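In what follows, a single structure is set out as structure tokens and then discussed.
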Amino acid sequence: MDYLSYSKNYLMNTYGQFPVVFTHGKGCKLYDTEEKEYLDLTSGIGVSSLGYGNEEWIKAVTDQAKNLAHISNIFLNIPELTLAKKLTEASGMSKVFFGNSGAEANEGSIKLARKYSYLKYGKGRSTILTLNKSFHGRTITTLKATGQEKFHKYFDPFTEGFKYTDVDVKSLEAAIDPTVCAIMMEAIQGEGGVYPLPKEFIDKVFEISKKKDILVIFDEVQCGMGRTGKLFGYMNYGVEPDIVSTAKGLAGGLPIGAVLCNKKLENTFVPGDHGSTFGGNPISTAGANCVVDTLKKPGFLDDVAKKGAFIKNFFKKASSKNVLEIRGIGLMLGIQLNSEKSSEVQKKALENGILVLTAGSSVVRLLPPLVISEQELESVLSSLVKIIDEI
Ligand SMILES: Cc1ncc(COP(=O)(O)O)c(C=O)c1O
């Protein structure tokens, strides 16, 4: 079957896609239509955190599919309720709303923050402050929330009420005005180049927010669900946000998104304020229960942190002439090249059976499945360093 022509003829031209069609996977390995094997360091952009073909996850999802695939939100279902309990308990947050994607979770977070502010301060205090280099999604609102000018073209008019600050205390202080109701940020900026936020900056955000009753929203869509060796990326900073958006890795390969809120906001939404047909879908939430149970297994998250340190050490020891630094936390890492050749590395790696991501033109981004072993890492990293050395 000529699938590549199908892609050209029938799919909208929205992604720069490689001419590889994957058919199956096992563990951290993926196989294409030619049965070529690849070692995956991408997890489908932070989604397949348990790898491929995980037996427990398959059982949870298929058992649920056999019993009940969907029921509307005017009724209740067991996997959704179980997940709500597990997620709120594990995070220390109060309540959760389920949707389908990261952008949708951020939309929900923004609505929640604006309603809280409206009820308390009245109309007009609705600005959401976000960070330059951030990424928050592809809907009209979350594109505008994204602090990168290149995303603010073509699709006018965008949703109003966003302001941006550099990751810098002076810029932050200058951006705060009486209309700001919330600050939204990624603990580690993913698409923007894999930049963990400095602790002093986050502390300042919390100091100002506390003083002015501004809500703090963490967009944990990419760096959440165990990716950094903690349940959420912000937990590396010892802070407690008001709202958390999560998605990607939450269900280990099924569409899901979630908005978590603390006690302060638990009664802000009332029936009619928000909803989503597939939100809390039994199959997605069954997959998510399996992911949360796995993250809670003793030592699992510590191992994620250890494997992250292993990768960093590997690159330090290899001291490739083309690598300036490797940054990130846990298994969310960015290899900063000394040239704008991240796409070249990605292409060569693919030819050599290794899947990596980029984050801009000079950063090779790694988001391996959280279950990858040190042995797998050892061999794949040797090949990757060689590829980077040769560009
Ligand atoms: C931090 C962050 N927020 C939001 C999104 C959007 O998520 P989705 O593509 O599931 O809508 C992404 C996707 O890359 C992301 O990395």
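Criterion applied to Tyr31, Tyr38 was being under 24 Å from Leu331 (Cα atoms), buried (at least 17 other Cβ atoms within 10 Å of the Cβ) and modelled with pLDDT of 95 or more, and the one residue passing it is Tyr38.
Only a single criterion out of (1) open to solvent by 100 Å² or more (accessible area, probe 1.4 Å); (2) within 23 Å of the chain's Cα centre (by Cα); (3) closer than 30 Å to Glu351 by Cα is not satisfied by Met1, namely (2). Can you tell me which residues in the range 116-153 are touching a residue at least 12 places away in the same chain (Cβ under 8 Å) and touching a Lys or Arg at 6+ places or on another chain (Cβ under 7 Å)? Scanning the range 116-153 gives Ser117, Ser126, Thr127, Leu129, Gly147, Gln148. The criterion of being in a loop (DSSP other than H, G, I, E, B) and within 14 Å of the ligand (Cβ to nearest atom) does not hold for Thr277. Residues in the range 21-65 that are without any contact (Cβ under 8 Å) to a residue 24 or more places away in the chain and closer than 15 Å to Glu376 by Cα: 1 in all.
Filter the range 64-84 for residues that are farther than 17 Å from Asp293 by Cβ and open to solvent by 40 Å² or more (accessible area, probe 1.4 Å) and give the result.
If the condition is that a residue be farther than 17 Å from Asp293 by Cβ and open to solvent by 40 Å² or more (accessible area, probe 1.4 Å), then Ala65, Lys66, Asn67, Leu68, Ala69, His70, Ile71, Ser72, Asn73, Ile74, Phe75, Leu76 are the ones that fit.
Residues in the range 132-163 that are more than 20 Å from Lys111 (Cβ to Cβ) and either outside the structural domain of Ile188 (by TED's automatic domain parsing) or in contact with a strand residue (DSSP E or B) (Cβ under 8 Å, 6 or more places away or on another chain) (or both): Asn132, Lys133, Gln148. Screening Leu11, Leu76, Leu68 for residues that are more than 16 Å from the ligand (Cβ to nearest atom), free of Cβ contacts under 8 Å to residues at least 24 places away in the same chain and assigned by TED's automatic domain parsing to the domain that holds Phe98 leaves exactly one candidate, Leu76. If I ask for residues that are open to solvent by less than 10 Å² (accessible area, probe 1.4 Å), part of a helix (DSSP H, G or I) and not aliphatic (A, V, I, L, M), which ones from the range 94-115 would you list? Of everything in the range 94-115, those that are open to solvent by less than 10 Å² (accessible area, probe 1.4 Å), part of a helix (DSSP H, G or I) and not aliphatic (A, V, I, L, M) turn out to be Asn106, Gly108, Ser109.
If I filter the range 85-93 for residues that are open to solvent by less than 50 Å² (accessible area, probe 1.4 Å), among the hydroxyl-bearing types (Ser, Thr, Tyr), at pLDDT 95 or above and within 16 Å of the ligand (Cβ to nearest atom), do I get at least one hit?
Checking the range 85-93: not a single residue is open to solvent by less than 50 Å² (accessible area, probe 1.4 Å), among the hydroxyl-bearing types (Ser, Thr, Tyr), at pLDDT 95 or above and within 16 Å of the ligand (Cβ to nearest atom).
Each row is one residue, and each column tells you yes or no for (1) more than 16 Å from the ligand (Cβ to nearest atom); (2) surrounded by fewer than 24 Cβ atoms within 10 Å (Cβ to Cβ); (3) assigned to a helix (DSSP H, G or I).
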site: Cys181; (1), (2), (3): yes, no, no
site: Gly192; (1), (2), (3): no, yes, no
site: Glu200; (1), (2), (3): yes, yes, yes
site: Phe206; (1), (2), (3): yes, yes, yes
site: Gly224; (1), (2), (3): no, no, no
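When restricted to residues that are outside any loop (DSSP other than H, G, I, E, B), farther than 17 Å from Ile58 by Cα and either open to solvent by 10 Å² or more (accessible area, probe 1.4 Å) or free of Cβ contacts under 8 Å to residues at least 60 places away in the same chain (or both), the range 241-255 contains 1.
In this structure, does Ser48 turn out to be at pLDDT 95 or above, outside the structural domain of Gly137 (by TED's automatic domain parsing) and polar (S, T, N, Q)?
For Ser48, the condition - at pLDDT 95 or above, outside the structural domain of Gly137 (by TED's automatic domain parsing) and polar (S, T, N, Q) - is met.
Within the range 147-178, how many residues are part of a helix (DSSP H, G or I), of a type outside the set (Ser, Thr, Tyr) and open to solvent by less than 100 Å² (accessible area, probe 1.4 Å)?
Residues in the range 147-178 being part of a helix (DSSP H, G or I), of a type outside the set (Ser, Thr, Tyr) and open to solvent by less than 100 Å² (accessible area, probe 1.4 Å): 6 in total.
Looking only at the range 116-134, filter to residues that are within 16 Å of the ligand (Cβ to nearest atom) and either closer than 16 Å to Thr268 by Cβ or open to solvent by 40 Å² or more (accessible area, probe 1.4 Å) (or both); which one of those is farthest from the chain's Cα centre (by Cα)? For the range 116-134, the residue satisfying everything is Ile128.
The values are calculated or read from the model by the stated rules, or taken from the named source; none is laboratory data. What you are looking at is a predicted structure, and each value in this text was computed from that prediction instead of being measured. Positions of Cβ are backbone-derived with ideal geometry, glycine not excepted, and every protein chain shown enters the neighbour counts. For accessibility, only protein heavy atoms count, side chains too; no ligands or nucleic acids. Shrake-Rupley method; radii C 1.70, N 1.55, O 1.52, S 1.80 Å.
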